[in-house]
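Some notes on the structure that comes next.
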């Protein structure tokens, strides 16, 4: 199973009771059988020309309202975060993991390389951040940053947390004891999973990785929209839906009016920038008819 999927699965399945686990395991197995028996579904999920977000949306449309919410989250995530050709294999791995948990069997967390372990922690974070309001992201970043600096500065604590020979549960309990009631529930869950899913010798490095990861996740949850004139509710809803389809996340709009744009909108979200303003189009037109370009264009006729 891919590292990011491992972390996401741990976050989603870990809190479920036995009844829900059995339901989720059965539904994932049924979807796996459907993918194996239906060439059209299999071909869509493994088509490398289809964007990963689009694959996730397809799975969501197929299953929304028909399965347990955790089943929907897991299968949609696998479709988005697995290379197209690996989607069926990842679903099969998911069947195995859900079945073992539903039987009360808990496997030891496999050791991974430093980068892969950080990806696993990132997948765990994805699950916990899905429904967190963007207003709370800064607080989570601060909690994790302060904990990283505390561990870094406290030699005795750091030695206990990075000791690979110390019992895992003892290191988890120590983290929980020191942080409970002092940080948000999300920050506590992430800090604890650093001990479970990260590399033992990389506790501080993984915490710093998470601080950056949460910040980048927030950037993809907030779309800064600059518009020449006031945006009505219908346009807001349409834009939000379009950006959700692009990012695969719930998106919040921060709208600012800027009459100098003349018309249209400018959208900035994560590293995505879409300039659909009148000023932007005029700028492109000016570039196209600048003296050098104009002479070049006419000489080609």
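Each reported figure results from applying straightforward, stated rules to the coordinates on display, with no laboratory input. The structure presented is a predicted model; accordingly, all values stated were derived computationally and were not measured.
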- prompt: How far is helix 168-179 tilted off the main Cα axis of the chain, in degrees rounded to 10, range 0 to 90?
  reply: 60
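Scaled to the compact-protein estimate 2.2 N^0.38 Å, what is the alpha-carbon radius of gyration of region 150-226, rounded to two decimal places?
Normalised by 2.2 N^0.38 Å, the Cα Rg of region 150-226 equals 1.26.
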task: Normalise the Debye intensity by I(0) for the chain, one equal point scatterer per Cα, no solvent, then take log10 at q = 0.11, 0.12 Å⁻¹ and round to two decimals.
output: -0.80, -0.90
task: Kindly provide the helix-only [θ] at 222 nm of the chain, computed as the sum of -39,500 (n - 2.57) over DSSP H runs of four or more divided by all residues, to the nearest 500 deg cm²/dmol?
output: -20500 deg cm²/dmol
